[in-house]
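Let me begin by presenting the structure, written as structure tokens, before commenting on it.
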Amino acid sequence: MAILRLFGLYFLLTLLMVIVGSIFGAYFAGNFIGGAFFFLLFSVPISFFSYFYSDSIVLRAYGAKVIDRQDNPRLYGIVKKIADLNGLPTPRIAIVPSSTPNAFATGRNPQNAVVAATTGIMSILDDHELEGVMAHELAHVKNRDTLVMCVAAVIAGFISFAARMMMWNSMFGGRNRNVHPALIILVAITAPLAAFLLQMAVSRSREFHADATAAKLTNKPWALISALKKLEWENHRKPLDCGSPSNAALCIVNPLTGGDFFINMFSTHPPMEKRIKALEKL
């Protein structure tokens, strides 16, 4: 199923890249077809790169540093315990230097997975709560959700960057008089559209599934409920100050709840109240 979702995602995002490329070609060279063809060709190395190196890109975006056991015995021990319970190899473990509590997993498969936690999450959660969060992230690894999420984050991020670049150019550098204003409007909605495709790639049901898997694996649904309540409150109070909207789906709770209209409209996470109610039923 993960492979089918991945191919479906590649197709949709490649189609969007071709649309953006045609607009680029018309805007900068007056040639729709040339721009579309260039972006279609460019999608091949982008797809290859996102498959093999998306985890490195995400870690760099968050300023995460991979650690060893001696660097943080507490986090390392919890992750290893959960990995052993799941029958998974111990993933690489990284720490994000941010006081905002959050966590995410990345990597194309369990053998190349990385689980990351912010310094903030380790300061506000006890061991039981942190165990529930890490079990959630490793559930994504086991279900291959991280592959889809990483590819989506990289490609959607590229599309958003290309769209915004043309928007800024049209505002300060003039525009091609042969380009209809409607096309500029199309560019203006490309970034939230990319976020919408990311939402499609990582359906909200996957978050419910990861929550349930974590609760059953640890046999402590109450611990994950407590952790989610703390994380929701702290992230709403102080959104994560690194990363990007394209990477938001990777985190256990939406890290960009600062009131942005499009981020809230196309949120990749289900409402926290529904996640908590689902866990309470366990």
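Computed from the coordinates by the stated procedures, all read-outs in this text should not be read as laboratory data. Since the structure is predicted, the reported quantities are computational estimates derived from the model, not experimental observations. As a convention, Cβ positions derive from the backbone with ideal geometry for all residues, glycine included, and neighbour counts pool all protein chains shown.
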remark   = Packing-ranked peptide list from 113-122, 40-49, 74-83, highest mean Cβ count within 10 angstrom first, is 113-122, 74-83, 40-49
query = Among the lysines, which fall within straight-line cross-link reach of LYS81, defined as a Cα-Cα distance under 29 Å, with same-chain neighbours fewer than 8 residues apart omitted?
reply = LYS65, LYS142, LYS216, LYS220, LYS229, LYS230, LYS274, LYS277, LYS281
query = What does the charge add up to near ARG74, with Lys and Arg as +1, Asp and Glu as -1, over the other residues with Cβ less than 15 Å from its Cβ?
reply = -3
key: Burial order of peptide ranges 123-129, 101-107 (average beta-carbon count within 10 Å, highest first)   = 101-107, 123-129
